[in-house]
1. Based on DSSP loop calls and a cut-off of at most 14 other Cβ atoms within 10 Å, the longest stretch of the chain free of exposed trypsin sites (Lys or Arg not before Pro) is what?
2. In the chain, what GluC sites (Glu not before Pro) fall in a loop by DSSP, with at most 16 other Cβ atoms inside 10 Å?
3. What fraction, in whole percent, of alpha-carbon pairs in the chain exceed 21 Å separation?
4. For a test of understanding, tell me how many lysine pairs in the chain have Cα atoms under 29 Å apart, given they are 8 or more places apart or on different chains.
5. By Kyte-Doolittle mean hydropathy of at least 0.0 and Cα axial length of at least 18 Å, which whole DSSP H helices of the chain are selected?
6. Let me know the Kirkwood hydrodynamic radius for the stretch 25-64, please, with Cα pairs as the basis and the value in Å to one decimal.
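Any read-out appearing in this document is the output of simple, stated calculations on the displayed coordinates, not a laboratory observation. These figures come from a predicted structure and were not determined experimentally. All Cβ positions, glycine included, derive from the backbone under ideal geometry; neighbour counts span all protein chains shown.
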Amino acid sequence: MKGLFKYVNILITLASVAAIIYGFTLLEESPEIAKKWIGSGTLALFLVAMPMFLIRASRGKKMKDYMLNEENIHKMRDSQTKQSENKNRGEN
């Protein structure tokens with residue numbers, strides 16, 4: 001199932017890009033139809049393919065680690081001070 005989800009996402013992405021390219025090739029002949037192809041490809045890309053990718057990529061990860069809260073702010077500050085201390089030691 002996991003592999004199928006990956007290939008469906010790739011298929012939707014390729015179909016969306018193909019629809020956008022097809023729309024740009026039709027642009028001079030029939031601009032109204034071309035705009036529909038470009039728009040539908042863009043919608044499919046950003047409203048279907050991107051969320052599918054984000055769901056697949058974030059599966060099994062803790063969202064708490066990516067949220068900006070007091071605990072994570074302190075961790076970032078501590079890691080920055082450690083990095084600056086290491087740089088200062090290397091310069092001396």
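1. Answer - 1-58.
2. When the GluC sites (Glu not before Pro) of the chain are filtered for loop state and at most 16 Cβ neighbours within 10 Å, Glu28, Glu29 remain.
3. 60
4. 15
5. Passing helices, by number: 2-26, 31-44.
6. The answer is 12.1 Å.
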